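A.B. asks: Please read through the structure below; I'll follow up with questions.
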Amino acid sequence: MSAKTRMIEVRENVLKQNDIVARELRRKFHDAGVFVVSMVSSPGAGKTALLENTLTRLRQECRVAALVGDLATENDAARLARSQAPVKQIITGTVCHLEAAMIDRALEGWKLDELDFLFLENVGNMVCPSSYDLGEDLRLVLMSVTEGEDKPLKYPTIFNSADVALITKIDLATAVEFDATAANRNIQAVRPGMAILDVSVKSGAGLDEFLDFLRARRADAQTVLGARAAT
Amino acid sequence: MHELSIAMSIVELAQEEADRRGDIRIKAVHLRLGALSGVVKDALFSSYAMACDDTPLEGSRLVVEDVPVIIFCKQCDGQRPVHSTQMFCCADCGTPTGEIVQGKELLVVGLEVEE
Ligand SMILES: Nc1nc2c(ncn2[C@@H]2O[C@H](COP(=O)(O)OP(=O)(O)OP(=O)(O)O)[C@@H](O)[C@H]2O)c(=O)[nH]1
Ligand SMILES: [Mg+2]
Ligand SMILES: [Zn+2]
């Protein structure tokens, strides 16, 4: 006698656990009035370098902090700590991306309402982080000029999960014969309308514009939240 | 490679669902997988077998339905497929658009069970 086979219909999001925690985080961040910016890129595109610079400069005018994810080592946190801002390393071990629960755990005991900006540096990886919402307000995807103009075409999903593209190490553009037009075209092809900023931590190019951009996005978010609270 | 942790979540979800429904054995799990889910299908298949080891789902199959990207095209005033994930424009009229309607799915939609 063979058993009878039948089909049960279900509808369950596989990432439901992460999405629930991320939604909860987003609510906490909004309640505390902290604007949360995450950074994704391939290894070595310049996340930590840009973040160190950003923390150092923003610290002069507001309250900033950062969490940084890496498979191993506390090196990036040590570099970021030079900015004097509160920084915490998340060692992900074998996990190749940050998940909302890791952020939640790392923030235990933090007074979020004493922060204006919180930055999250993801593990250097152009694939896996795209599936995981971290509750951030803004996701930046970085690509350096040394990686080639076709990065967006190779990793369309990560570009699609991000809000803004940063082209980093722009000081090296000439040396590596970086084709900015092609890069912009490729970014627009995978994510039409995406904002693109060029930066260099070495030469300082684009850094003022980047900070202006962050301040403006934070102000926009506060206006939206303020309007929502008033109704 | 995050497919193993995704596969483990799938196995866990399926098992919970089965437990809720009593004495049944899962023969196959049906999954809807969006082209923008960030999950690589081949890697998911091999991870699934691993994730099933030493669980009641050992020996079960993973059946994947690919979900293409659908965007909302203002020009056509309707939902349309995209040209490709490398070229986010309306497959009908070519207008670039980022308004995604479908394609990020990672959903367990069915269980083939034996009772
Ligand atoms: N020329 C130049 N080099 C840069 C710039 N930004 C970063 N670098 C160099 O690029 C290398 C990698 O930079 P990181 O900031 O560590 O990159 P990352 O993305 O944090 O790397 P992971 O965390 O390992 O993924 C370092 O040697 C930096 O000095 C830049 O604007 N110009
Ligand atoms: Mg780093
Ligand atoms: Zn159209």
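A.B. asks: Taking the condition on the phi > 0 side of the Ramachandran plot, out of contact with any strand residue (DSSP E or B) (no Cβ under 9 Å at 6 or more places or on another chain) and surrounded by fewer than 16 Cβ atoms within 10 Å (Cβ to Cβ), does residue B:59 pass?
C.D. replies: no
A.B. asks: Being at pLDDT below 95, surrounded by 15 or more Cβ atoms within 10 Å (Cβ to Cβ) and within 21 Å of residue A:113 (Cα to Cα) is the requirement here; does residue A:81 meet it?
C.D. replies: Yes, satisfied.
A.B. asks: Given A:109, A:93, which one is farther than 23 Å from residue A:26 by Cα and surrounded by fewer than 18 Cβ atoms within 10 Å (Cβ to Cβ)?
C.D. replies: Result of the check over A:109, A:93: A:93.
A.B. asks: Say whether the condition of being under 22 Å from residue A:16 (Cα atoms) and away from ligand 1 (no atom under 16 Å from the Cβ) is met by at least one residue in segment A:84-94.
C.D. replies: Yes, the conditions are met somewhere in segment A:84-94.
A.B. asks: Go through segment A:141-158 and count every residue that is under 11 Å from the mean Cα position of the chain (by Cα) and more than 18 Å from residue A:192 (Cβ to Cβ).
C.D. replies: 1
A.B. asks: Could you run through segment A:1-51 and say how many residues are open to solvent by less than 10 Å² (accessible area, probe 1.4 Å), among the small types (Gly, Ala, Ser) and within 28 Å of residue B:11 (Cβ to Cβ)?
C.D. replies: The qualifying residues number 1.
A.B. asks: Are any of the residues in segment A:20-36 in contact (Cβ under 8 Å) with a residue 12 or more places away in the chain, part of a strand (DSSP E or B) and within 14 Å of the chain's Cα centre (by Cα)?
C.D. replies: For segment A:20-36, residues in contact (Cβ under 8 Å) with a residue 12 or more places away in the chain, part of a strand (DSSP E or B) and within 14 Å of the chain's Cα centre (by Cα): present.
A.B. asks: List the strands (runs of 3 or more DSSP E) inside segment B:1-106, counting only whole elements, that have at least 1 residues being within 8 Å of chain A (Cβ to nearest Cβ).
C.D. replies: So the answer is B:25-34, B:87-90, B:100-102.
The values are calculated or read from the model by the stated rules, or taken from the named source; none is laboratory data. All of these numbers come straight from a predicted model, not from anything done at the bench. Positions of Cβ are generated from backbone atoms using ideal geometry, with glycine treated the same way; all protein chains shown enter the neighbour counts. These accessible areas exclude ligands, DNA and RNA; they are computed on the full protein's heavy atoms, side chains included. Shrake-Rupley method; radii C 1.70, N 1.55, O 1.52, S 1.80 Å.
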